[in-house]
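The structure appears right after this line, and notes come after that.
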Amino acid sequence: MPSPVTSTSDLDVHTSNTELYNEWAKTYDTDGNVLPAVDEVEFNKHVVPALQGQGSKGDTRLLEIGCGTGRNTAKLPKLLTPGSTIYAIDVSEAMMGEAKRKLRDASNVRWALLDFQTQGDELVSFVGEPVDIVISTLVLEHHLKSGGWAWISTMHPFIGKVTGASFRREDGVKVRGVSTNYEIEEVVASAKRHGLELGCPVVESGVGDDEARAVATFGPRAKKCIGWNIFVGALFIKL
Ligand SMILES: C[S@@+](CC[C@H](N)C(=O)[O-])C[C@H]1O[C@@H](n2cnc3c(N)ncnc32)[C@H](O)[C@@H]1O
């Protein structure tokens, strides 16, 4: 069975993540990328019920790291109580522009264009007090108060060994940013060292083994992923 991904040798252009996503923004939601499609299924299965349960705890402060085009951000206002605040950050102005368009009617979203890796101080002053929930889908990281939880999803390390976030431009050129691959055990151990315990078993997922079903659910690009885990998601609870 061929690997579900192309190796780095077939890539044409390497760039910074900011440039990658600024360029990708206009087609990110529509280019048939399978990983966000799998994330969509797992987010709806694991995170939406948790957010629905959150309502009983009152107003919530939620930080989304790497909100991108607002694919998941757009689901949040209707899942949280009206007095809740959503802090959405991203390093790409174009990705965030798409998100702002989707959420133009939501008054409880605060936006900040910043890099969480290099602008930790700005992130802390933007958010203020520790938050109840962190969500970071297909980005990675956390910044939480005791009893809060974080849902983190990313590319499965199995395919992360040979590829990273990339897209094919309209002119056929494949554009790739900068990615670091972490083994699942490594992330869980590191989270534990920072007082974060798994709230449920790590979710390793993909498009399944049935080609017709995979294509119907995740689109035609799912064909190359049949039988492979391409997605990993984990819910961490801050002790
Ligand atoms: C693969 S996209 C995922 C977007 C969205 N979370 C989703 O699941 O559809 C990754 C996003 O993370 C953002 N990102 C990557 N590195 C970042 C950093 N260091 N600080 C802030 N945002 C970052 C990118 O600009 C991009 O919008």
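The values are calculated or read from the model by the stated rules, or taken from the named source; none is laboratory data. Every value quoted in this text rests on a predicted model; they were computed, and no experiment measured them. Reconstructed Cβ throughout: ideal geometry from the backbone, glycine too, with neighbour counts over all protein chains shown. What goes into the accessible areas is simple: the full protein's heavy atoms, side chains included, and nothing from ligands, DNA or RNA. Shrake-Rupley method; radii C 1.70, N 1.55, O 1.52, S 1.80 Å.
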Residues whose placed amide H lies under 5 Å from that of residue 148, excluding near-sequence neighbours: 238
Under-16-angstrom lysine pairs by C-alpha in region 8-238, whenever the two are 8 or more apart or on separate chains: 13
Accessible surface of region 45-131, 1.4 Å probe, proportion on carbon and sulfur as whole %: 49 percent
Computed magnitude of the charge dipole of the chain (debye, nearest 20; Cβ of K, R +1, Cβ of D, E -1): 500 debye
5 angstrom amide H check on residue 81, placed H, neighbours 5+ away: 60
Separation between Cα centres of region 93-158 and region 42-70, rounded to whole Å: 11 Å
Ellipticity estimate at 222 nm from DSSP helix runs (n ≥ 4, -39,500 (n - 2.57)) divided over the chain, nearest 500: -8000 deg cm²/dmol
Region 14-53 residues near the modelled residue 101 label - backbone nitrogen below 14 Å, point 7 Å along Cα→Cβ: 22-31
Sorted peptide list for 21-28, 52-59, criterion being average Cβ within 10 angstrom, highest first: 21-28, 52-59
Normalised contact order of the chain, rounded percent, pairs of Cα under 8 Å and 6 or more residues apart: 24 percent
Per residue value of the accessible surface for the chain (all protein chains in place, 1.4 Å probe), Å²: 49 Å²
Peptides 151-164, 122-135 ordered by average Cβ neighbours within 10 Å, highest first: 151-164, 122-135
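What Kirkwood Rh does the chain have if only Cα atoms enter the pairwise 1/r average? Answer in Å. Spell out each step's value before the answer.
Values: mean 1/r = 0.0543 Å⁻¹.
One over the average 1/r among Cα pairs gives 18.4 Å for the chain.
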